[in-house]
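Heads up, the thing below is written out as structure tokens.
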Amino acid sequence: MSTPADTPADAPGTAPARTASAPAARPFAGQGVVVTGAGRGIGAAVARAFAAAGARVVVNDLDGTAARAVAADCGGSAVPGDAASAEGLAALVHSARGALARHGAELDIWCANAGVAPAGGADAAPEAWAAAWEVNVLAHVRAAELLLPHWLERGNGRFVATVSAAGLLTMLGSAPYAVTKHGALAFAEWLAATYRHRGLRVHALCPQGVRTAMLASTGAVGEALLAPTALEPAEVATALLDAVAAERFLVLPHAEVADYYTARAGEPDRWLAGMNRLQRQLEQEGAL
């Protein structure tokens with residue numbers, strides 16, 4: 001709102017005048033960010049949030065059409081392809097660095113967001129377990145292997161792992177998801193503990209339910225456990241950027257997860273008993 005011409009800009013009760021050319025806050029201006037699995041859901045929201053904060057963003061997804069749509073929406077670059085295999089990640093990192101260099105940016109932040117959530121327990125198909133390990137864990141390890149040499153040499157870099165609250169707690173109905181998300185958290189913790197003094201910053205993004213296609217795919221279990229408190233992807237992205245600015249490792253868009261995590265660590269038998277009661281309830285309701 002402009003200041004009336006007959007009112008001094010610094011008069012009591014008035015805000016300082018802002019010129020039309022005053023830039024909005026852009027805390028990530030000039031930084032290069034790669035977001036995997038960013039064609040929709042949390043990844044797309046994270047890409048848009050970083051772009052709005054001034055970053056130059058590379059949007060990755062297996063779905064090339066979706067990746068290009070998000071990139072066009074946020075002024076980024078689309079690099080579709082596999083973000084899990086060694087070959088796919090090598091190609092992605094190479095292409096992302098090239099895309100960022102064309103805009104005068106380096107690869108500063110890697111958001112390992114792509115994930116899969118196959119249903120099942122110990123009897124889940126071997127292919128489901130293999131996919132969960134490849135995408136939810138080994139993709140993070142392989143990306144770090146490629147990124148760390150340059151980051152450590154220059155003394156800074158930032159790794160964001162989309163872990164989910166399942167990595168802190170568990171996920172009834174999906175042993176592959178729960179187990180591999182614990183692995184993703186463990187690797188993020190290891191990175192932070194090992195390389196913090198050398199300039200690496202690590203963040204573990206741990207939301208509960210988020211209104212995405214992945215939540216919808218969980219069916220009755222997701223509807224019962226996660227849907228009631230589900231957030232929009234944009235809310236999760238805002239929580240992430242706030243945590244990055246504050247240099248917080250754990251990113252908890254659902255604040256109550258901190259209490260659950262504390263209870264799990266402090267009274268594991270009581271926590272497991274409570275989770276088993278929930279399991280039995282879901283079985284009785286036919287959700288499991």
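Under the condition of being outside any helix (DSSP H, G or I) and open to solvent by less than 50 Å² (accessible area, probe 1.4 Å), which residue from the stretch 219-249 is modelled with the lowest pLDDT? Step by step, filter the stretch 219-249, then rank; the result is Leu226.
Those residues that are without any contact (Cβ under 8 Å) to a residue 40 or more places away in the chain and of a type in the set (D, E, K, R), I need them from the stretch 136-183; list them, please. Passing the criteria: Glu145, Glu153.
Just to check your reading of the model, which residue among Ala128, Ala122, Ala132 is out of contact with any strand residue (DSSP E or B) (no Cβ under 8 Å at 6 or more places or on another chain) and surrounded by fewer than 23 Cβ atoms within 10 Å (Cβ to Cβ)? Walk me through how you get there before you give the answer.
On the way: Ala128 fails: out of contact with any strand residue (DSSP E or B) (no Cβ under 8 Å at 6 or more places or on another chain); Ala132 fails: surrounded by fewer than 23 Cβ atoms within 10 Å (Cβ to Cβ).
From the options Ala128, Ala122, Ala132, the qualifying one is Ala122.
The one condition from (1) farther than 20 Å from Pro253 by Cβ; (2) modelled with pLDDT under 95; (3) touching a helix residue (DSSP H, G or I) at 6+ places or on another chain (Cβ under 6 Å) that Gly30 does not meet is (3). Any chance you could count how many residues in the stretch 179-191 are in contact with a helix residue (DSSP H, G or I) (Cβ under 6 Å, 6 or more places away or on another chain) and open to solvent by 30 Å² or more (accessible area, probe 1.4 Å)? Adding up the residues that qualify gives 2. Here Val70 does not qualify as closer than 24 Å to Pro207 by Cβ, surrounded by fewer than 24 Cβ atoms within 10 Å (Cβ to Cβ) and within 17 Å of the chain's Cα centre (by Cα).
Looking across the stretch 165-178, the residues that are within 16 Å of the chain's Cα centre (by Cα) and either open to solvent by less than 10 Å² (accessible area, probe 1.4 Å) or under 18 Å from Gly199 (Cβ atoms) (or both) come down to Ala165, Ala166, Gly167, Leu168.
Being open to solvent by 60 Å² or more (accessible area, probe 1.4 Å), in contact (Cβ under 8 Å) with a residue 12 or more places away in the chain and out of contact with any strand residue (DSSP E or B) (no Cβ under 7 Å at 6 or more places or on another chain): is that true of Pro27 here? Judged against the criteria, Pro27 is a match.
For the stretch 245-259, the condition holds for no residue, the condition being that it is without any contact (Cβ under 8 Å) to a residue 40 or more places away in the chain, more than 19 Å from Pro207 (Cβ to Cβ) and more than 18 Å from the chain's Cα centre (by Cα). Which one of the conditions (1) surrounded by fewer than 22 Cβ atoms within 10 Å (Cβ to Cβ); (2) more than 21 Å from Arg56 (Cβ to Cβ) does Asn156 fail to meet, given that it meets all the rest? So Asn156 meets the others, but not (2). For the stretch 83-118, a tally of residues being within 21 Å of the chain's Cα centre (by Cα) and open to solvent by 60 Å² or more (accessible area, probe 1.4 Å) returns 2.
The values are calculated or read from the model by the stated rules, or taken from the named source; none is laboratory data. Just so we're clear, the structure is a prediction, and the values are computed from it rather than from any experiment. Cβ sites come from the backbone with ideal geometry, for glycine too, and all protein chains shown count toward neighbours. These accessible areas exclude ligands, DNA and RNA; they are computed on the full protein's heavy atoms, side chains included. Shrake-Rupley method; radii C 1.70, N 1.55, O 1.52, S 1.80 Å.
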